[in-house]
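A.B. asks: Please see the structure below; I have some questions.
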Amino acid sequence: MLTVNNVSVQFGKRVLFDEVNAQFKKGNTYGIIGANGAGKSTFLKVLSGEIEPTTGNVHLEHGKRMSVLTQDHNAFDNYTVLDTVIMGNQHLYEIQKELDQLYANPDPTDKEVDRMGELQEKFEEMNGWNAESDAAILLSNLGVSEDMHYMKMGDLESKIKVRVLLAQALFGNPDVLIMDEPTNDLDFYTISWLEDFLANYDNTVIVVSHDRHFLDAVSTHTVDIDYGKLNFYTGNYSFWYNASQLKARQRAQQNKKAEERKKELEDFIRRFSANVAKSKQATARKKMIEKLNIDDVKPSSRRYPGIIFQPEREAGDQIFETENLSKTIDDDLLFDKVDINLSKGNKVALISKDSRAITAFYEIVTGNMQPDSGSYRWGVTTTQAYLPSDNSKFFQEDISLVDWLRQFAKTDEEREDVYLRGFLGKMLFSGDEALKSVKVLSGGEKVRAMMSKMMMQRANILLLDEPTNHLDLESIQALNNALINFPGTVIFTTRDHAFAQTVANRIIEITPKGTIDRLMTFDEYLSDKKVKELREKMYQ
Ligand SMILES: Nc1ncnc2c1ncn2[C@@H]1O[C@H](COP(=O)(O)OP(=O)(O)OP(=O)(O)O)[C@@H](O)[C@H]1O
Ligand SMILES: [Mg+2]
């Protein structure tokens, strides 16, 4: 069991956590939710010991092992794949390395022989002789083939790398497994595998995610971080969401009689329990809800950012054209023969089976990468604002948010503090929040900062590569509405189905054999028989 005692965390004047007490028990999967910047990542870092709380402590039961899915994809670049996985159990890995050194010595001293015996015993206790084969099995389950097991991490493509890091976290069935937004970097196949794995996992899992589907598939408990506290609910995300909606409705109708309110709650619980039973086939472990504490559900402090994209001027008729674009990365042909001609007002959902194809396309048409063949042309009256999927290079400097945004101002008026702070305020950075260093921003806060940059550019074309990945639900909704209302042209990619359906009026799929291009909604595209046949042929 993992216990949190009186933990408080404070950054400057801001109290992020105030006297938090909590217990995380064996067999449960805790889905941690909360607004961008609420403190989820910080809380996980306190649990894993990466940062010290201002007061209080975290206690892991004696003899238990904790494992963390690392966020830094390059941390193990100099190690082989197999070693990287085994390093998931640091203690075991160290014993193995020391033993290897001792074995390599042809003439050991008595002391060294003693040490060898001691280590061998420990190694055996930890089932060390099976470590390599266990690691190999785990890797193969995750689709990392055997020819890669002895390769250096640095030589792997990123899609495979994240799977190895996942195998590292899961290696040796840790008693407590901690993961921060694991699905962001995973492909669809691996996400499904992870959902099944976690649903059947018998130890403690603590996972932060904004992915509703994933949370529903894996979590037995939901922990909402809000007002500097942790609020625990027995049940998955949908349960928490519906319960909090119901609570908010009831609160809005204060005068409703207590009797009526109680009945409504009971009905809700009955309906919800039925749903859980139905979805049981999908997730083996999800148990019936034993104790529903719906009465404790509080209204949340979440707020909607004010996202409005206003082009400086309208674009002419020439918008954007590509001719015969192609790109190969790591010997994989990502797309070929891409011929696109956009018209004014097109809102294009750009899709592909391979997310590398999408990112390469955006990088090429924004001038950050060279195509292998072909060309592209933006209309002379167009201006583009681009949200890349990886924004890390924008946040390297230790400067305040206000100074950061000032770099993108075009006029003297825009360079004024008042103007910049007004802008940041709309993106929920008010007061001292606008003065903090961009280096400490949370994942979602970075995307919000990028949004304010894009809003200030006042472009008439928006390009967005997975904008919804790090955002909380309120921000996704605000962005969704902003794109629906945007008078210009949009090219975007998202895994959020509802988002794609409500924004796109044209779907373009880029494949190794050319494009599929349809003026229809996302749902129409997915259910179109001809498109389906075409898709099968074009990825062969
Ligand atoms: N060292 C620091 N100094 C000052 N503020 C910090 C520091 N580290 C984090 N913060 C702030 O604390 C808040 C919580 O950050 P955290 O990364 O934990 O959020 P989060 O809940 O994980 O958000 P997201 O959903 O966007 O990932 C943010 O507002 C962040 O800017
Ligand atoms: Mg975070």
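The values are calculated or read from the model by the stated rules, or taken from the named source; none is laboratory data. Model, not experiment: these values are computed from the prediction. Glycine gets a Cβ as well: all are built from the backbone with ideal geometry, and neighbour counts include every protein chain shown.
A.B. asks: Give segment 425-479 a look and list any residue that's in contact with a Phe, Trp or Tyr (Cβ under 7 Å, 6 or more places away or on another chain), of a type in the set (Asp, Glu) and within 16 Å of ligand 2 (Cβ to nearest atom), or say none.
C.D. replies: Of everything in segment 425-479, just one residue is in contact with a Phe, Trp or Tyr (Cβ under 7 Å, 6 or more places away or on another chain), of a type in the set (Asp, Glu) and within 16 Å of ligand 2 (Cβ to nearest atom), namely GLU474.
A.B. asks: How many residues does segment 392-439 hold that are of a type in the set (Ser, Thr, Tyr) and more than 16 Å from ligand 1 (Cβ to nearest atom)?
C.D. replies: Number of matching residues: 2.
A.B. asks: Taking PHE171, is it in contact with a Gly (Cβ under 6 Å, 6 or more places away or on another chain) and closer than 22 Å to LEU82 by Cα?
C.D. replies: On the way: in contact with a Gly (Cβ under 6 Å, 6 or more places away or on another chain): yes; closer than 22 Å to LEU82 by Cα: yes.
Yes, satisfied.
A.B. asks: Looking only at segment 10-42, filter to residues that are among the β-branched types (Val, Ile, Thr), within 16 Å of ligand 2 (Cβ to nearest atom) and buried (at least 22 other Cβ atoms within 10 Å of the Cβ); which one of those is nearest to ALA169 (Cα to Cα)?
C.D. replies: Once the filter is applied, the top-ranked residue is ILE32.
A.B. asks: Can I ask one more? Listed residues THR42, THR70, THR84; which is assigned to a loop (DSSP other than H, G, I, E, B) and either of a type in the set (Ser, Thr, Tyr) or assigned by TED's automatic domain parsing to the domain that holds GLY444 (or both)?
C.D. replies: Working: THR42 fails: assigned to a loop (DSSP other than H, G, I, E, B); THR84 fails: assigned to a loop (DSSP other than H, G, I, E, B).
After applying the criteria, what remains is THR70.
A.B. asks: Just to be sure before I move on: is GLU363 among the acidic types (Asp, Glu), surrounded by 14 or more Cβ atoms within 10 Å (Cβ to Cβ) and not assigned by TED's automatic domain parsing to the domain that holds LEU325 in the structure I sent?
C.D. replies: No; evaluated as a whole, the condition is false for this residue.
A.B. asks: Same structure, new question: Check VAL58 against each of (1) away from ligand 1 (no atom under 16 Å from the Cβ); (2) more than 22 Å from the chain's Cα centre (by Cα) and name the one condition it does not meet.
C.D. replies: (1)
A.B. asks: Taking segment 305-331, which residues are of a type outside the set (Val, Ile, Thr) and surrounded by 21 or more Cβ atoms within 10 Å (Cβ to Cβ)?
C.D. replies: Step one: filter segment 305-331 for residues of a type outside the set (Val, Ile, Thr), giving 305-306, 309-318, 320-321, 323-327, 330-331.
PRO305, PHE309, ALA315, PHE320, LEU325, LYS327, listed by residue number.
A.B. asks: What single numbered condition from (1) within 16 Å of ligand 2 (Cβ to nearest atom); (2) modelled with pLDDT under 95 fails to hold for LYS45?
C.D. replies: Here LYS45 meets the rest and fails (2).
A.B. asks: Which members of segment 417-444 meet the condition of being of a type in the set (Asp, Glu) and in contact with a helix residue (DSSP H, G or I) (Cβ under 9 Å, 6 or more places away or on another chain)?
C.D. replies: ASP417, GLU433
A.B. asks: A further question on this structure: So ILE51 passes all but one of these: (1) surrounded by fewer than 16 Cβ atoms within 10 Å (Cβ to Cβ); (2) more than 16 Å from ligand 2 (Cβ to nearest atom); (3) at negative phi. Which condition number does it fail?
C.D. replies: Against the list (1) surrounded by fewer than 16 Cβ atoms within 10 Å (Cβ to Cβ); (2) more than 16 Å from ligand 2 (Cβ to nearest atom); (3) at negative phi, ILE51 comes up short only on (2).
A.B. asks: Let me ask something else about it. Have a look at SER192, SER209 and point out the one that is surrounded by 20 or more Cβ atoms within 10 Å (Cβ to Cβ), at pLDDT below 95, within 20 Å of THR468 (Cα to Cα) and not acidic (Asp, Glu).
C.D. replies: After applying the criteria, what remains is SER209.
A.B. asks: Still on this structure: Return the pair list, or none, for Cβ contacts closer than 6 Å from residues in segment 455-478 that are among the small types (Gly, Ala, Ser) to residues that are at pLDDT below 95 and within 14 Å of ligand 1 (Cβ to nearest atom), at least 6 apart or on different chains.
C.D. replies: SER475/PRO305; ALA478/PRO305
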